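Encoded as structure tokens, the structure appears first; notes follow it.
The values are calculated or read from the model by the stated rules, or taken from the named source; none is laboratory data. Everything numeric in this text was worked out from a predicted model, so none of it was measured. Because the Cβ atoms are built from the backbone with ideal geometry, glycine has one as well, and the counts that use them run over all protein chains shown.
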Amino acid sequence: MTAAVISGRAIGWRVGGAQILDDVTLDVGAGELLGIIGPNGAGKSSLVNILSGVTRPTTGTVHLAGDDVTRRSATRRARLGLSRSFQTSALFDGLTAGENVHLAVQASGSAPFSPFRTARPRRTPDAGEGVEALLHRVRIRGRGATLARDLSHGDRRKLELAMALASNPKALLLDEPMAGVSAEDVDGLTEIIGEVRDSGVAVAMVEHHMHVVLGLADRVAVLHHGQLLATGSPRAVTHDERVQQAYLGEAL
Ligand SMILES: Nc1ncnc2c1ncn2[C@@H]1O[C@H](COP(=O)(O)OP(=O)(O)OP(=O)(O)O)[C@@H](O)[C@H]1O
């Protein structure tokens, strides 16, 4: 078996007297997509926050490509090849799609970067090529000159993906990348995320669209009340009685 790119070991997170996550262990390998599912409040976003370095776990460790990054900041983890998208949009609405991606490309470079220093991103030819390729990769090449605020919801989510890919990550964490998008855009995003996985990136994805997760994921981790209820192939977890109990009354 190849070494895990993202590895969480015995992760626990306690806050305000509540045990939000308890002894969660998971691995994601290169070119693998792990779907993270679970009922509302199960701890999925908390887990993504811990893996990405937004939150520090109370117990347990996080490794990235073999390096212990448990005490490393989100920024440091990003430099080491971990990228993520957020549940809420992190776009600059007053900039075009191309400019948003340009900022992400610049931010992923070695030069110190602040989006607040200049009103418009500096133009560099190599970044320009990267922008085109990224917009193409997420199927919105024709929208490069459109202001982010004028994009459809589905195209905004694609733009967020392009920005998350700007650093050429080896690991990608996606927190509900398809939240609120149309059925047509769900199909488009599913295809794009599948291609990202097939290009060798380790992808961990929280997603409520169950048919998407079960269709796309190589393995699925099911969280319930902060604990890992089951991990396995989509088929195995959907047939797991404990998982069915956790989802009682919901379609699985
Ligand atoms: N900073 C915090 N302080 C206290 N409780 C928190 C904090 N963050 C999350 N929680 C609680 O932890 C639990 C898990 O939240 P989390 O958002 O991780 O769940 P989730 O599985 O992502 O839920 P959803 O599917 O609704 O997005 C919830 O009960 C939530 O209220």
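Which condition number in (1) buried (at least 19 other Cβ atoms within 10 Å of the Cβ); (2) in a helix (DSSP H, G or I) is the one that residue 57 fails?
(2) is the only condition that residue 57 fails.
What are the pairs, 6+ residues apart or on separate chains, where a residue within the range 4-26 that is at negative phi has its Cβ under 7 Å from a residue that is of a type in the set (S, T, N, Q) and near the ligand (Cβ under 9 Å from one of its atoms)?
13/46; 13/55; 20/46; 21/46
Of the residues that make up the range 90-102, is at least one more than 19 Å from residue 197 (Cα to Cα), among the hydroxyl-bearing types (Ser, Thr, Tyr) and surrounded by fewer than 18 Cβ atoms within 10 Å (Cβ to Cβ)? First the steps, then the outcome.
We begin by selecting, within the range 90-102, every residue more than 19 Å from residue 197 (Cα to Cα); these are 90-102.
When the remaining residues are screened for being among the hydroxyl-bearing types (Ser, Thr, Tyr), the result is 96.
Now drop any that are not surrounded by fewer than 18 Cβ atoms within 10 Å (Cβ to Cβ), which leaves none.
No.
Starting from residues that are surrounded by fewer than 18 Cβ atoms within 10 Å (Cβ to Cβ) and touching a strand residue (DSSP E or B) at 6+ places or on another chain (Cβ under 6 Å), keep the ones in the range 14-28 and report whichever is nearest to residue 178 (Cα to Cα). If you could, list the steps in order and put the result at the bottom.
In the first step, residues of the range 14-28 are kept if they are surrounded by fewer than 18 Cβ atoms within 10 Å (Cβ to Cβ); the result is 14-19, 23, 25.
After this cut, where a residue has to be touching a strand residue (DSSP E or B) at 6+ places or on another chain (Cβ under 6 Å) as well, the list is 23, 25.
On the way: 23: 28, 25: 25 Å.
In this case the residue turns out to be 25.
With respect to residue 89, is the statement that it is within 16 Å of the chain's Cα centre (by Cα) and closer than 18 Å to residue 29 by Cβ true?
So residue 89 does not fit the description; no.
Take the range 11-38 and flag every residue that is in a loop (DSSP other than H, G, I, E, B) and out of contact with any Ser or Thr (no Cβ under 7 Å at 6 or more places or on another chain).
Of the residues in the range 11-38, the ones in a loop (DSSP other than H, G, I, E, B) are 16-17, 30-32, 38.
16, 17, 31, 32, 38, listed by residue number.
Could you list, in sequence order, the residues of the range 196-214 that are modelled with pLDDT of 95 or more and more than 14 Å from the chain's Cα centre (by Cα)?
Hits for the range 196-214 are 198, 199, 200.
So which residues in the range 14-31 are away from the ligand (no atom under 13 Å from the Cβ) and either under 13 Å from the mean Cα position of the chain (by Cα) or hydrophobic (A, V, I, L, M, F, W, C) (or both), if there are any at all? Outline the logic, then answer.
The initial filter retains those residues of the range 14-31 that are away from the ligand (no atom under 13 Å from the Cβ), namely 23, 25-31.
The answer is 26, 28, 30.
Given the criterion touching a residue at least 24 places away in the same chain (Cβ under 8 Å) and within 16 Å of the ligand (Cβ to nearest atom), identify the matching residue among 186, 213. Can you show your working first?
Details: 186 fails: within 16 Å of the ligand (Cβ to nearest atom).
None of the others qualify; the one that does is 213.
For every residue, the table says whether it meets (1) farther than 23 Å from residue 64 by Cβ; (2) within 16 Å of the ligand (Cβ to nearest atom); (3) in a loop (DSSP other than H, G, I, E, B); (4) not assigned by TED's automatic domain parsing to the domain that holds residue 31.
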residue	(1), (2), (3), (4)
133	yes, no, no, yes
149	yes, no, no, yes
155	yes, no, no, yes
158	yes, no, no, yes
163	no, no, no, yes
178	yes, yes, yes, no
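Name the residue that is surrounded by the fewest Cβ atoms within 10 Å (Cβ to Cβ), counting only residues in the range 165-176 that are outside any loop (DSSP other than H, G, I, E, B) and within 16 Å of the ligand (Cβ to nearest atom). If you could, list the steps in order and put the result at the bottom.
Restricting attention to the range 165-176, the residues satisfying the condition of being outside any loop (DSSP other than H, G, I, E, B) are 165, 171-175.
After this cut, where a residue has to be within 16 Å of the ligand (Cβ to nearest atom) as well, the list is 173-175.
Numbers: 173: 27, 174: 27, 175: 21.
If we take residues in the range 165-176 being outside any loop (DSSP other than H, G, I, E, B) and within 16 Å of the ligand (Cβ to nearest atom), then 175 is surrounded by the fewest Cβ atoms within 10 Å (Cβ to Cβ).
What are the pairs, 6+ residues apart or on separate chains, where a residue within the range 27-53 that is within 12 Å of residue 225 (Cα to Cα) has its Cβ under 7 Å from a residue that is small (Gly, Ala, Ser) and more than 8 Å from the ligand (Cβ to nearest atom)?
39/246
So which of 11, 37, 50, 6 ends up being away from the ligand (no atom under 15 Å from the Cβ) and surrounded by 21 or more Cβ atoms within 10 Å (Cβ to Cβ)?
6
Taking interchain pairs and intrachain pairs at least six residues apart, which have beta carbon atoms under 8 angstrom, with the first residue in the range 129-146 and without any contact (Cβ under 8 Å) to a residue 12 or more places away in the chain and the second not hydrophobic (A, V, I, L, M, F, W, C)?
141/132
Listed residues 2, 88, 59; which is over 29 Å from residue 151 (Cβ atoms), at pLDDT below 95 and hydroxyl-bearing (Ser, Thr, Tyr)? Quick ask: steps written out before the conclusion?
On the way: 88 fails: over 29 Å from residue 151 (Cβ atoms); 59 fails: at pLDDT below 95.
Matching residue, one of 2, 88, 59: 2.
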